[in-house]
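The values are calculated or read from the model by the stated rules, or taken from the named source; none is laboratory data. Everything quoted here is computed from the prediction, not taken from an experiment. Note: ideal-geometry Cβ built from the backbone for every residue, glycine included; neighbour counts use all protein chains shown.
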């Protein structure tokens with residue numbers, strides 16, 4: 001049986017099934033192993049890992065610990081409660097189809113800018129802010145027209161272009177987050193600049209380390225962990241750079257419990273915009289395919305963010321982010337009560353539980369059906385009359401929900 005326990009309960013002889021964190025956040029070659037000594041337990045705790053999954057069939061048990069299924073069910077119940085509160089979804093000024101073409105252009109423009117910024121940084125050149133600001137403004141305008149179009153496109157990443165695409169994604173998500181929290185235009189723009197430039201320091205990390213398929217050595221990991229400070233130093237060369245982008249760049253890996261880097265800041269020391277950027281950065285990272293791990297579905301990632309907010313993130317902001325993107329973000333594969341599978345194509349403005357879903361597969365007959373958009377906020381006979389049962393893994397059903405987004 002698999003059980004979820006707190007790291008404080010670990011003992012030698014327990015079989016680790018999963019270190020409940022991002023792949024890059026733990027110091028072990030494998031995520032599944034039997035604890036051999038106290039030193040391994042200390043390494044887990046020192047890495048800031050607070051929850052782990054153990055396999056009681058292969059090692060010591062914790063009798064009163066919840067099973068993994070029970071713990072996941074509890075998390076889902078809590079997430080549904082979060083969803084029941086008023087949503088902060090941005091109103092859609094254009095349909096997904098109308099905005100997709102413009103969003104494609106904005107995506108291409110932003111990726112090219114980040115690529116050029118990284119190249120300039122490698123050559124020791126200062127970042128030209130007059131080239132960055134117009135791109136952030138274009139991202140913001142696309143988000144205001146239809147946030148799902150650009151954010152949905154940015155979920156599709158190639159492993160080779162991850163660094164550039166990740167920076168654009170963080171920019172777009174952070175702008176959407178700021179808008180949903182009704183922050184002013186100037187603050188939102190500065191936050192967007194910070195999101196777009198937050199990983200500039202990775203320009204100084206050798207490609208062999210950035211794209212390494214296996215686990216990093218301690219020395220390589222130390223090089224990676226220098227990128228916030230390196231990025232800060234690079235951006236400081238631009239006299240017009242604002243305090244917000246500098247703060248986001250230097251501190252986006254800080255955590256509320258003091259287990260982050262480079263300064264091990266704690267709650268009360270980390271600015272609100274940095275707290276927001278930390279959530280966005282992790283969310284996009286864990287939903288992306290990398291050379292060393294496969295990204296998880298967005299809905300699953302949000303539940304991880306919720307769990308980790310008990311230690312690493314601001315729990316209030318984590319819940320506000322979930323309300324911003326929806327607990328079933330655009331592109332999520334969902335199973336409906338009718339037995340149909342569909343992909344979420346548009347959030348509801350006030351209800352996170354009733355987005356618009358394009359259904360395309362009948363699980364009862366195991367066959368594809370004519371794609372149809374169902375508005376879950378409407379009753380039967382008016383284009384609705386169905387309900388989400390769960391989010392699903394595409395590989396389970398061997399379907400590609402992205403095919404049905406347009």
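Of all residues in region 256-275, which are touching a residue at least 60 places away in the same chain (Cβ under 8 Å) and touching a strand residue (DSSP E or B) at 6+ places or on another chain (Cβ under 8 Å)?
So the first thing to find is which residues in region 256-275 are touching a residue at least 60 places away in the same chain (Cβ under 8 Å), and the list is 257, 259-260, 273.
Within region 256-275, 257 is the sole residue that qualifies.
Being within 25 Å of residue 143 (Cα to Cα), without any contact (Cβ under 8 Å) to a residue 40 or more places away in the chain and not assigned by TED's automatic domain parsing to the domain that holds residue 298: is that true of residue 377 here? Show your work before the answer.
Working: within 25 Å of residue 143 (Cα to Cα): yes; without any contact (Cβ under 8 Å) to a residue 40 or more places away in the chain: yes; not assigned by TED's automatic domain parsing to the domain that holds residue 298: yes.
Here the answer is yes, as residue 377 does meet what is asked.
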Kindly indicate which of 326, 384, 339, 331 is surrounded by 13 or more Cβ atoms within 10 Å (Cβ to Cβ), farther than 21 Å from residue 76 by Cα and touching a strand residue (DSSP E or B) at 6+ places or on another chain (Cβ under 8 Å). 384
Within region 169-189, the residues that are assigned to a helix (DSSP H, G or I) and free of Cβ contacts under 8 Å to residues at least 24 places away in the same chain are 185, 186
If you go through region 276-286 one residue at a time, do you hit one that is touching a strand residue (DSSP E or B) at 6+ places or on another chain (Cβ under 9 Å) and touching a residue at least 12 places away in the same chain (Cβ under 8 Å)? yes
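Scan region 75-88 and tell me whether some residue there is in contact with a strand residue (DSSP E or B) (Cβ under 6 Å, 6 or more places away or on another chain), assigned to a helix (DSSP H, G or I) and not assigned by TED's automatic domain parsing to the domain that holds residue 309.
Let us first name the residues in region 75-88 that are in contact with a strand residue (DSSP E or B) (Cβ under 6 Å, 6 or more places away or on another chain), namely none.
So far as region 75-88 goes, no, none of its residues is in contact with a strand residue (DSSP E or B) (Cβ under 6 Å, 6 or more places away or on another chain), assigned to a helix (DSSP H, G or I) and not assigned by TED's automatic domain parsing to the domain that holds residue 309.
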Restricting to region 111-142, give me the number of residues that are assigned to a helix (DSSP H, G or I) and either touching a helix residue (DSSP H, G or I) at 6+ places or on another chain (Cβ under 7 Å) or within 24 Å of residue 94 (Cβ to Cβ) (or both). 21
